[in-house]
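> Just passing along the structure, written as structure tokens.
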Amino acid sequence: MQDSLSRARRGPGVARAMRGLGAWRRAGLGLLAGVALAGTQPPLSWPALIFLALPALLWLMDGVRAPRGAFALGWCVGVGYFGAGMFWIVDPFLVEPEVFGWLAPFALVGMAGGMALFWGWAFALARLFWHPGWSRAVLFAAVWALVEFARGHVLTGFPWALPAYAWIDTPVAQVLSLTGPYGLTFLTLAAGLLPGVGRPAAVAGAVGLVVLGWGFGAWRLAEPLPVRAEPVRVRLVQPNMAQDEKWLPGREEEFFRRHLALSADGAGPRPDVTIWSETAVAFILDRDPAAQAAAAASVGPDGHLLLGIRRAESAGEDWSWFNSLAALAPDGTTEAVYDKARLVPFGEYIPLKGLAARLGIPALTTLTRGGFTAGPGPRVVSVPGVPPFLPLICYEAIFPAAARAPGERPDWLVQVTNDAWFGEASGPYQHFAQARARAIEQGLPLARAANTGISAMVDPKGRVVAELGLGAQGHVDAPLPAPLPPTVYSRTGDIPVLLILFTIYLLTATVFVSGILKPSHR
């Protein structure tokens, strides 16, 4: 075993040098590797960086002697990745800098450091059964992908910027329809780590994974889309109101009028469905019948309106507030309401509210003192004249499970969002990429209306059919693509991938333990 480990630590000069680094230099290179990996995410979307950063991480792990050192290395890599890739997290705190600005650096440090803990555990768990040869690369990828699944589910979960999304603008992204994001994350990590083994077979394995993924994606993209029996034309309205202006006294009415004007704009046939963004109406719409009638009238006598609203329900002296999507009929009546189920911690509700109050941590959403109440979860909305759809409100689109509802399969996905919170750097692009991933996974078209962008119609293979870019004001009209038959992932979810990853981990652990025990029988 020791001879094998020694051979594993030999190799090309760069690899040998990285394996021999001290703890501090190893940590520094790990941080840089994490920053490089962040470049694989939108808006840069450079997947080639996978094959630069991941072999280096394998070599750095070869030089680690114990799980504690591996945890430290993984944490440093995570800090680089999440710190660089999620720098946008400071933007929500700068909307009202005099109130929340002091929290911005703590938010960035806390987010990067907290998310990095998951990567620290991934590295430590992989090091427990570190074995020479190609198996260590596969083990590392499997454990890392399992921990990414945990990151998406522990506490409230936050599966932002999964490694799988590096491929969103390439044919490889079509693999999401088979494996979902955690399966593609495993394949991505394995393809990036295998070249670090330094053996021709391992390099060939990495090339094979990419070629197979690219080939499958190219074949799937070349397949013609089905044609919708009855065409449906959709208008996506993008008012482009800055977040620091949206809730100012007097601007609420202007925001509403801007939606009305953009909905009524243009000559020729009117859209069948018009979609407004998240909280498009700043006041309580069902308490203003004239405004509700004006909203319905703006889309034409036969048009349907889907819009983001705030609504309130009373229970005695207590009130519950909801971030919702409403469907208005042509006559102005409310046909259906969906309440957002996954709320943003500290933005829409305060976890451990009593403790947070004692620490003086305010909610970003100050208009509803108690925060929002979560809805029951994903569901398909069916109203006359509109193909059945599954709503996603803002942040819900980052959760793969939020795009799957029990029972009837929807015809399309509808996301309403206000990405003004994310600023204009990486956040809106990453959010849009993750919404596109949901379309590929489910084989469903996606209509996305965003206050400041990016509003777009996306086909069921994740391709952008029509869009209105970040920071633009206007509307975009597009035909609603037909859905594909249910994908493998839409039928199975994450369970098969998780079983495979656990099996890889257990088999590798068994081989490792067997190798240790063999000498005792000689």
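> Please work out how much length the chain gains when fully extended from GLU408 to LEU52, using 0.36 nm per residue of separation minus the C-alpha to C-alpha distance, in nm with one decimal.
Stretched out fully, the GLU408 to LEU52 stretch lengthens by 123.7 nm.
> Taking the Cβ of PRO226 as the centre, find all other residues whose Cβ is under 12 Å away and add up their charges (Lys, Arg: +1; Asp, Glu: -1). Don't skip to the end; give the middle numbers.
Values: positive: ARG228, LYS461; negative: GLU223, ASP411, ASP459.
The answer is -1.
> Then there is this: List SER177, SER135 from most exposed to least, where exposure is judged by having the fewest other Cβ atoms within 10 Å.
Values: SER177 25, SER135 18.
If I rank by nearby Cβ atoms, fewest first, I get SER135, SER177.
> Going 7 Å from the Cα of THR156 toward and past its Cβ, which residues in the stretch 180-215 have a backbone nitrogen under 11 Å from where you end up?
Within reach of a label on THR156, which here means backbone N under 11 Å from a point 7 Å along Cα→Cβ, the stretch 180-215 contributes nothing.
> Separate question: Specify the inter-centroid distance of the stretch 71-110 and the stretch 174-217, based on alpha-carbon positions, in whole Å.
31 Å
> Would any residue of the stretch 166-191 have its amide N under 18 Å from a label point 7 Å out along Cα→Cβ of LEU498? List them or say none.
Within reach of a label on LEU498: 178-187.
> By the gyration tensor of its Cα atoms, with a ≥ b ≥ c the square roots of the eigenvalues, what is the shape of the stretch 17-94: rounded for a/c under 1.5, prolate for a/b over b/c, or oblate?
Details: a/c = 3.14, a/b = 1.64, b/c = 1.92.
Oblate is the answer for the stretch 17-94, as a/c is 1.5 or above yet b/c matches or exceeds a/b.
> While we're here: Summing -39500 (n - 2.57) over the DSSP H runs of n ≥ 4 in the chain and dividing by its residue number, what mean residue ellipticity at 222 nm do you reach, to the nearest 500 deg cm²/dmol? Walk me through the numbers before you get to the answer.
On the way: 17 runs with 228 residues, N = 522.
After summing the helix terms and dividing by the residues of the chain, the value is -14000 deg cm²/dmol.
> Taking other Cβ within 10 Å of each residue's Cβ, how do TRP214, TRP119 sort, fewest first? The partial results should precede the final answer.
Values: TRP214 16, TRP119 26.
Ranking TRP214, TRP119 by Cβ neighbours within 10 Å, fewest first, gives TRP214, TRP119.
> Quick one: dipole size for the chain, taken about the Cα centre, charges +1 on Lys/Arg Cβ and -1 on Asp/Glu Cβ, in debye to the nearest 20. Spell out each step's value before the answer.
Details: 41 positive and 37 negative charges, 620 e Å.
Result for the chain is approximately 2980 debye, rounded to the nearest 20.
> Between the helical axis of 104-128 and the dominant principal axis of the chain, each derived from Cα atoms, what acute angle in degrees is found, rounded to the nearest 10?
Once rounded, the angle reads 40 degrees.
> Helix 251-264 sits at what angle to the longest principal axis of the chain, using alpha carbons and giving 0 to 90 degrees rounded to 10?
Long axis of 251-264 versus the principal axis of the chain: about 80 degrees.
> In whole Hz, what ³J(HN,Hα) sequence does the stretch 490-505 give by Karplus (6.51, -1.76, 1.60; θ = phi - 60°), x for Gly and Pro?
Karplus values, whole Hz, x for Gly and Pro: 5, 8, 9, x, 8, 4, x, 5, 4, 5, 5, 5, 5, 5, 4, 5.
> Compute the acute angle (0 to 90°) between the alpha-carbon long axis of helix 67-85 and the principal axis of greatest extent of the alpha-carbon atoms of the chain; round to the nearest 10°.
30 degrees
> Using the alpha carbons of the stretch 220-278, what is the convex hull volume per residue in cubic angstrom, as a whole number?
On the way: hull volume 7.9 nm³, N = 59.
Measuring per residue, one finds 134 Å³ for the Cα hull of the stretch 220-278.
> Which value results for Rg/Rh of the stretch 139-187 when Rg is the Cα radius of gyration and Rh the Kirkwood radius based on the inverse mean 1/r? Intermediate results must be reported in sequence, preceding the final value.
Working: Rg = 10.8 Å, Rh = 11.0 Å.
We get a ratio of 0.98 for the stretch 139-187.
> Could you please tell me the mean projected area of the C-alpha convex hull for the chain, averaged over all directions and given in square nanometres to one decimal? Intermediate results must be reported in sequence, preceding the final value.
Values: hull surface 106.6 nm².
Result: a mean projected hull area of 26.7 nm².
> In addition: Suppose we keep just the DSSP beta bridges with both residues in the chain; what percent of those would be antiparallel, to 5? Present the calculation step by step, with values, prior to reporting the outcome.
Working: 31 of 50 bridges.
Restricted to the chain, the bridges split so that about 60 percent are antiparallel.
> Still on this structure: 7 Å from Cα along Cα→Cβ at both PHE106 and VAL465: what's the point-to-point distance in nm?
So the two model labels end up 4.6 nm from each other.
> Go through the stretch 297-308 residue by residue and turn each phi into a ³J(HN,Hα) via Karplus (6.51, -1.76, 1.60, θ = phi - 60°); whole Hz please, and just put x for glycine and proline.
5, 5, 9, x, x, 10, x, 10, 10, 10, 8, x
> What's the ranking of 474-487, 182-195, 496-509 by average number of surrounding C-beta atoms within 10 Å, highest first? Don't skip to the end; give the middle numbers.
Details: 474-487: 19.0, 182-195: 25.4, 496-509: 16.4.
Ranking, from highest mean packing down: 182-195, 474-487, 496-509.
> While we're looking at this one, here's another question. For the stretch 373-522, what does the relative contact order come out to in percent, with C-alpha contacts under 8 Å and a separation of six or more? Walk me through the numbers on the way to the answer.
Values: 237 pairs, mean separation 23.8, N = 150.
Reported as a whole number, the value is 16 percent.
> Something else now. Sorted from fewest to most neighbouring beta carbons within 10 Å, what does the list PHE87, PHE372, PHE140 look like?
On the way: PHE87 17, PHE372 21, PHE140 29.
Exposure proxy ranking, most exposed first: PHE87, PHE372, PHE140.
> About its Cα centre, how strong a charge dipole does the stretch 399-500 have in debye, to the nearest 20, once Lys and Arg get +1 and Asp and Glu get -1 at the Cβ? All intermediate terms of the calculation are to be shown ahead of the outcome.
Working: 8 positive and 9 negative charges, 53 e Å.
Here the size comes out at about 260 debye.
> So what's the gap between the Cα centers of the stretch 452-471 and the stretch 396-412, to the nearest angstrom?
19 Å
> Got a sec? Which residues in the stretch 249-266 would a label at GLU96 touch, if it sits 7 Å along Cα→Cβ and we count backbone N under 16 Å?
Under 16 Å, as judged by backbone N against the label point of GLU96, lie 249-252 of the stretch 249-266.
> So if each residue of separation counts as 0.36 nm, and I subtract the Cα-Cα distance between GLU313 and LEU225, what length gain in nm does that give?
Details: separation 88, 0.36 × 88 = 31.68 nm, distance 4.30 nm.
Length gained between GLU313 and LEU225: 27.4 nm.
Where a number appears in this text, it was derived from the coordinates with a stated rule and is not lab data. What you are looking at is a predicted structure, and each value in this text was computed from that prediction instead of being measured. A quick note on method: Cβ atoms are made from the backbone with ideal geometry, for glycine too, and the neighbour counts reach across all protein chains shown.
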